[in-house]
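Visitor: Starting off with a structure, shown below.
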Amino acid sequence: MRRVLGPITAVVLLVAPLAGGVQDAHADLNDVAKALGASTVKSIQYTGTGGVNAAGQSVVPGLPWPEYNVKSHTRSVNYETASLRDEQVRTQALDPARSGGLQPIRGEQRLNLLVSGDVAWNIVGDQSASAPIALADRQFQLWATPQGVVKAAMARNATMQGRTIAFAVPGRFNLKATVSDDNLIARVEGLVPNPVVGDMPVVIDYWDYRDFGGVKFPTRIRETTGGYPTLDLLVTDVRPNAPVDIQVPDAVRQDPNPYARVTTQKAADGVWYLTGGTHHSVAIEMKDHVIVVEAPLNDERSAAIIAETRKLVPSKPIRYVINSHHHFDHAGGLRAFVAEGVTVITQDVNRAYLAQVLGAPATVRPDVQARSGRQPVVEGVAERRTLTDGTRVVEIYRIQGIMHHDGMLMVYLPKEKLLSQADAYTPVPPNTAPPMPPSPFNFALADNIARLKLDVGDLLPLHGRLVPVAELYRAIGKTP
Ligand SMILES: [Zn+2]
């Protein structure tokens, strides 16, 4: 008996401590799932306060994104339906309101940002609007929540290597998570496709985990996008398995590709106002080429603008695209123009930045520019530049003294008395009272029109609608 038992005991003694050691040194995804309580979580809702920043809306390239106070931020996630809703109540943080992102906020601004499956949309007031440009980032946000990381990794059969979990959702995002010693998600690093910069790095840090009914969740969340802060949240309430029912509204489902739609309005002979849901462009026919003012949003929008321009002027190439300023919603279509060999004209403060990012790789979701391999040609304008073919004159001016952005260009056609600008003045819908008090940016535009002695008939705003310049003066309660 002894002879038989002896070796068995020895084997058990030999194996037991080793097995324990192996487990500690090589915790796997299941250990992380267990520590987070991930398998019991089908949905989660958390609320916090702090600060949020509008990525892509800095006053010049290379400065931090503008900050807002977040009175409340409630994120609701349903992992089973791949849905997320962020409800934010924001107030103005910067004084004065310098830079972009719907500033200045008066009182409280309520935002609802949603994604479900492959549909992203926003709700402002009671209006739902498709937001395809936000899709990749919102899907990343959904799966970058601590429990989301584990669920997405398991669904993709990803494994933990050391303290790292890494996986990719092709065409959507790449994600790398760092696991702490107590098997919680400490940091998530993502690479998300961005229409302006190609690949956008997003880093989220989670700490001060607490237990909420058997589920561990961080009470501190900090995020950077492109190296600058975008979120700093103190989480005050977490509700695992809260009911989260997010349905794509009919209005959004019926309009999945709003950027592909272009409505053309002739503003003068050879000048067309090319409008879409939110962001517009202008096409100007010259003797042997075409100038486009503004390439907003993304590749899809630019493909539609380029196609429409070619339909209007089939025999002439687009030579220039004039960029009003570098804000991401206004510059997101530039890469597609660069891919076509079109020269970008921007204000000097944006020149080096655009020259760099418009040539940057887009590895997560290769766009037309990444596939073209073209070197961007970006020309800067200091205060003014005139483009002429001897017949038509196109004058480009910097808008001075506007707090929205330090390097904004507007485009003036003296013969046609047309002026196009972005974000300095956006007309309200017809039969609507302009906001009171008016935006300080409206006054800056009126001051620049006066300074340059421009004789303006109609405005071709890059948001809003074509209006006589009198609408601007009505908005600010002034006569020219
Ligand atoms: Zn802007």
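Visitor: Given Cα pairs under 8 Å that are at least 6 residues apart, what percent is the relative contact order of the range 395-471?
Guide: 33 percent
Visitor: If you rank 294, 80 by fewest surrounding Cβ atoms within 10 Å, what's the result? Don't skip to the end; give the middle numbers.
Guide: Numbers: 294 28, 80 10.
Lowest to highest Cβ neighbour count: 80, 294.
Visitor: So, R0 is 51 Å and r is the distance between the beta-carbons of residue 176 and residue 479; what FRET efficiency does that work out to, to 0.05? Provide the component values of the computation, followed by the final result.
Guide: Details: r = 59 Å, r/R0 = 1.16.
My answer for the efficiency is 0.30.
Visitor: For the range 376-480, state which trypsin sites (Lys or Arg not before Pro) are in a DSSP loop and have at most 16 other beta carbons lying within 10 Å of their beta carbon.
Guide: Values: sites: 384, 385, 392, 398, 415, 417, 451, 453, 465, 474, 478; in loops: 392, 415, 417, 453, 465, 478.
Loop-located and lightly packed - 415, 417, 453, 478.
Visitor: Follow-up question, since we're still on this one. Given points 7 Å out from each Cα along the Cα-Cβ axis, report the residue 363 to residue 40 separation in nanometres with one decimal.
Guide: Spacing of the two 7 Å Cα→Cβ label points: 4.0 nm.
Visitor: If you don't mind, another one. Taking the range 97-199 as the region of interest, what is the percent of Cα-Cα pairs per 5 angstrom bin, listed from the shortest bin to the one with the maximum distance?
Guide: 2, 11, 18, 18, 16, 14, 10, 7, 4, 1
Visitor: Could you line up 163, 261 from fewest to most neighbouring Cβ atoms inside 10 Å?
Guide: Ordered by Cβ neighbours within 10 Å, fewest first: 261, 163.
Visitor: Now for a different question. Quick one: if you stick a label point 7 Å off each Cα along the C-beta vector at residue 159 and residue 102, how many nm between them?
Guide: 4.6 nm
Visitor: To continue, here is another question. Tell me the Kirkwood radius of the range 210-269: reciprocal of the mean inverse pair distance over distinct alpha-carbon atoms, in Å.
Guide: One over the average 1/r among Cα pairs gives 16.9 Å for the range 210-269.
Visitor: With a cut-off of 20 Å, note down the residues of the range 89-120 whose backbone N falls inside the zone around a label point 7 Å from the Cα of residue 447 toward its beta carbon.
Guide: 94-105
Visitor: Could you compute the net charge surrounding residue 244? Neighbours are other residues with a C-beta less than 13 Å from the C-beta of residue 244; K and R count +1, D and E count -1.
Guide: Working: positive: 42, 75, 85, 239; negative: 80, 86, 87, 245.
With Lys, Arg at +1 and Asp, Glu at -1, the neighbours total 0.
Visitor: Nearest 5 is fine: what % of DSSP beta bridges in the range 331-454 come out antiparallel, could you say? Could the numbers behind the result be given before it?
Guide: Numbers: 12 of 16 bridges.
In the range 331-454, DSSP labels about 75 percent of beta bridges as antiparallel.
Visitor: State which helices in the chain qualify, where a helix is a whole DSSP H run, it must extend 20 Å or more along its own axis by its Cα atoms, and its mean Kyte-Doolittle hydropathy must be at least 1.0. Provide the component values of the computation, followed by the final result.
Guide: Details: long enough: 2-25 (35 Å, 1.12).
Answer set is 2-25.
Visitor: A follow-up question, please. Using 0.36 nm per residue of separation minus the Cα-Cα distance, give me the extension gain between residue 383 and residue 81 in nm, one decimal.
Guide: In short, 103.6 nm is gained.
Visitor: Using a 10 Å cut-off around each Cβ, can you sort 209, 228 from fewest to most neighbouring Cβ atoms? Walk me through the intermediate numbers first.
Guide: Numbers: 209 20, 228 14.
By the 10 Å Cβ count, ascending: 228, 209.
Visitor: Kirkwood Rh over Cα pairs of the range 357-459 into Stokes-Einstein at 4 °C, 1.567 mPa s: D in µm²/s?
Guide: Numbers: Rh = 16.4 Å.
Diffusion coefficient, whole number: 79 µm²/s.
Visitor: Do any of 287/478; 42/71; 71/176; 71/453 go past 32 Å between their Cα atoms, and which?
Guide: On the way: 287/478 38 Å; 42/71 27 Å; 71/176 30 Å; 71/453 44 Å.
Correct reply: 287/478; 71/453.
Visitor: Sequence gap at least 6, Cα distance under 8 Å: using those rules, report the relative contact order of the chain to the nearest whole percent. Mind dumping the intermediate values first?
Guide: Details: 1069 pairs, mean separation 57.5, N = 480.
12 percent.
Throughout, read-outs are computed from the coordinates displayed, never taken from laboratory work. Remember, it's a predicted structure, so these values are computed and weren't measured experimentally. Every residue, glycine as well, gets a Cβ built from its backbone with ideal geometry; the counts of neighbours run over all protein chains shown.
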